[in-house]
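Below: one structure, written as structure tokens.
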Amino acid sequence: MKILHLCLSSFYIDGYGYQENYLPIVNQEDGHEVMIVASTETYQDGEYHYLEPSTYFTETNIPITRIPYAGFPHSIAKKIRRYVGLEELLYEFDPDVILFHGVCAYDIKVVARFKQQRPNLKFYVDSHTGLHNSASNFISKNVLHKGLYKSWLHQALPYIGKVFYIGLDEKKYLEEIMGIPEDRMEYYPLGGIVIDETEKYQRRKKVVAAQNFCHDNIIFVHSGKLDEKKRTDSLLRAFTKVKDQRFRLLIIGSVNDEYHDILLPLVSGDNRIKMLGWKSREELLDYLCAADMYLQPGSVSATLQNAICCGTPVMTYPHGSYKYFVNDNAVTVKDEDDIYNVLVDVSNSKYDLDEMSKASYSVAREILDYRMLATRLYR
């Protein structure tokens, strides 16, 4: 089959470990012809950037075409998300399956028109939008989301097979803001590639050697597009209060200059902490496999699911999006005191990290494996 991923409701970041990066790779491994069409929006050095329109190939040789906004000044166009050239690309590639990543774009109507002429085409839409991260002010909520985005989605809805949601927050958004009936929706979580126990051990061994760690070090990893919402500063303050010399904290990701100035004094005062900067998808997997616990006390990130798929226990804020895969494999924290208490309990061996790892593997294989999730696009 020909499978088209449309990343037009938001950014697309080359080489990351997000759904729109992983699913096309799995589709390709399953023997399908794959193409990605994306906006020019991306993320570099802690900030959003816009690239020139172009066509190139991903690291696994999947073609990706970035197309420009149409018809408005950039400040408006990046919200409307109407594009130049999408219709021509649809007819040229002539896909059997389309996954439209996100529900907030004018061009969802362009795909619906194309679907009208292709009754056998499978057209899916997935929403990563929740009330916690969107529609946060009057204009955004009532003009963009309840106004334009809702209108365009409902015009396309008769031609959409299913509207996927990644968690309960996102389902609530679809129900309350977008007015989508429950029978048109289906749970489709962000996932990961399951790394088996043997490979996990080898990846951990590589990181331990590279970082000159000892066999008894307890390794924590924290990552993402680091800003105030990730609560990295709270994590660092809590970590520095726990004086266990076995502890090591590796911080991976991009951070803007302003937040970096807040974090640097906290890091420089503790030689157990290292800021490693941005890492490629495969490098990040190495560190997730090496971690005794992955720490995400702030905003949502798909890296949590990647960590679980590496069989790694997790610490996280209790987001509704995580309800289905955060249980015996996880501890939840709401503030800096909670983070501190969890770290103290880890130091005092109050958690069985081996059993938590097994629980993560169970969740990964039952719910989060992208190889399993990809098959739902083919049926």
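The values are calculated or read from the model by the stated rules, or taken from the named source; none is laboratory data. As the structure is a computational prediction, the values presented were derived from the model and not from experiment. As a convention, Cβ positions derive from the backbone with ideal geometry for all residues, glycine included, and neighbour counts pool all protein chains shown. Areas reflect the complete protein model, heavy atoms only, side chains present, ligands, DNA and RNA absent. Shrake-Rupley method; radii C 1.70, N 1.55, O 1.52, S 1.80 Å.
Quick one: Cα convex hull volume of region 156-223, Å³ per residue?
Details: hull volume 11.0 nm³, N = 68.
Convex hull volume per residue, Cα atoms: 162 Å³.
So if the hydrodynamic radius of the chain is defined as the Kirkwood radius over C-alpha pairs, what does Stokes-Einstein give as its diffusion coefficient at 37 °C and 0.692 mPa s, in µm² per second? Please report the intermediate quantities before stating the final value.
On the way: Rh = 21.7 Å.
After rounding, the answer is 152 µm²/s.
Give me the percent of accessible area attributable to carbon and sulfur for region 245-326, probe 1.4 angstrom.
50
Please give the per residue accessible area of region 253-345, computed with a probe of 1.4 Å over protein heavy atoms only, in Å². Don't skip to the answer; put the middle values down first.
On the way: 3460 Å² over 93 residues.
Roughly 37 Å² per residue, with all protein chains present.
Give me the accessible area per residue for region 71-142, probe 1.4 Å, as a whole number in Å². Don't jump to the answer; show the numbers that get you there.
Details: 3420 Å² over 72 residues.
With the other protein chains kept in place, region 71-142 gives 48 Å² per residue.
Relative to the compact globular guide of 2.2 N^0.38 Å, what is the alpha carbon radius of gyration of region 229-379, as a ratio?
Numbers: Rg = 15.7 Å, N = 151, 2.2 N^0.38 = 14.8 Å.
This ratio for region 229-379 stands at 1.06.
Please identify, among T55, T40, T198, the residue showing maximal mean-square fluctuation in a Gaussian network model of the chain using a 10 angstrom Cα cutoff.
Sorting by GNM fluctuation, first place goes to T198.
In 5 Å bins starting at zero, report the fraction of Cα pairs in region 254-316 per bin as a rounded %.
4, 15, 21, 25, 22, 11, 2
By how many degrees, between 0 and 90 and to the nearest 10, does the Cα long axis of helix 281-290 differ from the longest principal axis of the chain?
On a 0 to 90 degree scale, this one is about 30.
Can you give me the % of accessible surface on region 55-182 that is carbon or sulfur? Probe 1.4 Å, all protein chains present, nothing else counted. Mind showing how you got there, number by number?
Details: 2950 of 5720 Å².
That share works out to 52 percent.
For region 1-110, just list the percent of Cα-Cα distances falling in each 10 Å bin from zero outward, please.
14, 50, 31, 5, 0
Provide the descending list of Cα extents for region 39-103 along its principal axes, expressed in whole angstroms.
For region 39-103, the Cα extents along the three principal axes come out at 33, 29, 21 Å.
May I ask for the percentage of alpha-carbon pairs in region 61-162 that lie more than 20 Å from each other? Mind showing how you got there, number by number?
On the way: 2160 of 5151 pairs.
Tail fraction, whole percent: 42.
How much of the DSSP beta bridge set in the chain is antiparallel, as a percent to the nearest 5?
On the way: 9 of 56 bridges.
Looking only at bridges with both residues in the chain, the antiparallel portion is about 15 percent.
Any idea how far apart L276 and A70 come out in nm if each label point goes 7 Å out from Cα toward Cβ?
Spacing of the two 7 Å Cα→Cβ label points: 4.4 nm.
Working from Cα positions, state the angle (0 to 90°, nearest 10) between the long axis of helix 232-241 and the longest principal axis of the chain.
Computed tilt is about 10 degrees.
What would the Debye formula give as log10 I(q)/I(0) at q = 0.21, 0.25, 0.27 Å⁻¹ for the alpha-carbon point model of region 300-352, no solvent?
-0.81, -1.07, -1.17
At q = 0.08, 0.09, 0.16, 0.18 Å⁻¹, what log₁₀ I(q)/I(0) does region 140-293 have when each alpha carbon counts as one equal point scatterer in the Debye sum?
Listed by q, the Debye log ratios stand at -0.39, -0.48, -0.93, -1.03.
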